[in-house]
Amino acid sequence: MVTDALAAAESPDNQPLAPDGEDKAQPLQLATFGAGCFWCVEAVFQQLDGVVSVKSGYSGGSVDNPTYEQVCRGNTGHAEVCQIQFDPAKVSFDDLLEVFWKTHDPTTLNRQGADVGTQYRSVIFYHDDQQKAMAEKRKQQLDKAGLWPRPIVTEISPAKKFYVAEDYHQNYFKNNPFNGYCQAVVRPKVDKFRAVFRDKLKTE
């Protein structure tokens with residue numbers, strides 16, 4: 001088990017996002033992950049306790065303000081990602097990494113299942129040196145544990161400009177539960193996530 005091996009507001013520098021209030025409150029933080037189609041990633045992390053918001057979008061490319069159609073052609077360099085705003089008092093970045101690695105195949109280069117292309121690559125865009133160190137450490141631990149038959153190919157890179165995807169991509173699974181892709185791909189992934197991480201789900 002991976003667990004055994006592991007001991008939308010945009011803030012480019014991971015600056016505090018918490019509203020004015022108690023000085024003791026920890027500032028909200030950002031994590032940016034790509035793990036195939038962002039509809040799947042969004043649907044999973046939205047249910048994790050401590051996650052405040054999840055925005056689907058594009059990052060890691062060379063074209064400004066890319067459209068979904070441009071990214072789908074696979075020649076802009078962008079990955080489909082989700083930018084996750086979370087409360088570190090309730091869920092740690094390490095917890096997010098565990099969910100990230102357990103809810104996709106990090107050993108397939110530029111693909112997840114039938115979704116093929118650089119836009120579907122496994123990637124962690126870290127927002128500070130601590131996130132970088134944690135991601136690299138966990139990646140090494142998981143590779144050493146041999147939990148997959150092939151080595152992990154997850155890219156670990158500094159956070160780049162994040163472009164929010166078109167409105168119809170936001171809350172996609174919630175808004176389109178009977179869509180064919182959602183039924184065949186997203187729902188099974190969400191069901192598996194809920195079974196494995198049932199003690200870390202939101203109670204609402």
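The values are calculated or read from the model by the stated rules, or taken from the named source; none is laboratory data. Bear in mind that the values here come from a model prediction, so they are computed numbers and not experimental data. A quick note on method: Cβ atoms are made from the backbone with ideal geometry, for glycine too, and the neighbour counts reach across all protein chains shown.
Details
- Within segment 179-190, residues that are of a type outside the set (Asp, Glu) have Cβ atoms under 6 Å from residues that are in a helix (DSSP H, G or I) and buried (at least 19 other Cβ atoms within 10 Å of the Cβ) in these pairs: CYS182/PHE173; VAL186/TRP39; VAL186/CYS40; VAL186/ALA43; VAL186/PHE173; LYS189/CYS40; VAL190/ALA43, counting only partners at least 6 apart in sequence or on another chain.
- Residue pairs meeting the criteria (Cβ under 8 Å; at least 6 apart or on separate chains; first within 17 Å of GLN29 (Cα to Cα), in segment 82-106; second of a type in the set (Asp, Glu)): CYS82/GLU42; GLN83/GLU10; LYS90/ASP49; VAL91/ASP49
Residue-by-condition table, conditions (1) of a type in the set (S, T, N, Q); (2) modelled with pLDDT under 95; (3) part of a helix (DSSP H, G or I):
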site: ILE152; (1), (2), (3): no, no, no
site: LYS161; (1), (2), (3): no, no, no
site: TYR168; (1), (2), (3): no, no, yes
site: PRO177; (1), (2), (3): no, no, no
site: ALA184; (1), (2), (3): no, no, yes
site: LYS189; (1), (2), (3): no, no, yes
site: GLU204; (1), (2), (3): no, yes, no
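- Search result, residues across segment 37-63 that are in a loop (DSSP other than H, G, I, E, B) and under 22 Å from ALA184 (Cα atoms): CYS37, GLN46, GLN47
- Verdict on VAL71 being buried (at least 21 other Cβ atoms within 10 Å of the Cβ), in a helix (DSSP H, G or I) and in contact with a His (Cβ under 9 Å, 6 or more places away or on another chain): yes
- Every pair of residues 6+ apart whose Cβ atoms lie under 6 Å, when the first sits in segment 51-76 and is closer than 19 Å to ASN171 by Cα while the second is among the aromatic types (Phe, Trp, Tyr) and part of a loop (DSSP other than H, G, I, E, B): GLY57/PHE162; SER59/PHE162
- Candidate set from segment 118-147 (those that are surrounded by fewer than 16 Cβ atoms within 10 Å (Cβ to Cβ), more than 23 Å from GLN85 (Cβ to Cβ) and not charged (D, E, K, R)); member that is modelled with the lowest pLDDT: GLY146
- Against the numbered list (1) assigned to a loop (DSSP other than H, G, I, E, B); (2) within 12 Å of GLY34 (Cβ to Cβ); (3) hydrophobic (A, V, I, L, M, F, W, C), VAL123 comes up short only at (1).
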